[in-house]
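Okay, structure first, notes after.
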Amino acid sequence: MSHSVDESHHDDTRLGGLNFKTYVTGFVLSLVLTAIPFAAVAFGWFGMGATLAVVAVTAVVQILVHLFFFLHLDFSGGNAWNAGSGAFTVLILAVLVGGTLWLMYSLEMRTMIGGM
């Protein structure tokens with residue numbers, strides 16, 4: 001009689017069907033991606049433009065980390081509808097934010113009086 005060890009049993013550190021190690025990895029990445037822009041602003045590591053770029057890039061990466069590690073959204077077959085809904089939401093938000101910024105800039109240019 002041989003006792004076969006089920007490999008999935010050793011990886012059964014699950015909470016609600018989700019791997020605990022995934023949550024810890026996501027949490028650590030979130031902390032790092034929060035500390036980087038905070039330190040860049042607090043300690044003045046870069047100029048204003050570079051600091052804004054660092055904050056924007058780390059914000060986008062952190063959104064992706066949250067989507068993947070905490071919401072478990074990826075582009076696999078089972079999550080195709082969720083990923084499609086997320087992509088559509090991003091598109092709508094980009095149109096709304098971009099249109100608002102465009103409108104505000106246009107209104108600012110139209111209301112300038114005599115080049116003050």
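The values are calculated or read from the model by the stated rules, or taken from the named source; none is laboratory data. Please read all numbers here as calculations on a predicted model, not as lab measurements. All Cβ positions, glycine included, derive from the backbone under ideal geometry; neighbour counts span all protein chains shown. Note: accessible area is taken over every heavy atom of the protein model, side chains too, but ligands, DNA and RNA are not part of it. Shrake-Rupley method; radii C 1.70, N 1.55, O 1.52, S 1.80 Å.
Below, the figures for the structure above:
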{"read-out": "Extension reserve of the W81-V95 stretch, reckoned as 0.36 nm per residue once the Cα distance is removed", "value": "2.9 nm"}
{"read-out": "Probe 1.4 Å, protein heavy atoms only - accessible area per residue of the range 59-112 in square angstrom", "value": "82"}
{"read-out": "Loop-resident sites, the range 57-103, for chymotrypsin sites (Phe, Trp or Tyr not before Pro), counting at most 14 other Cβ within 10 Å (DSSP)", "value": "F75"}
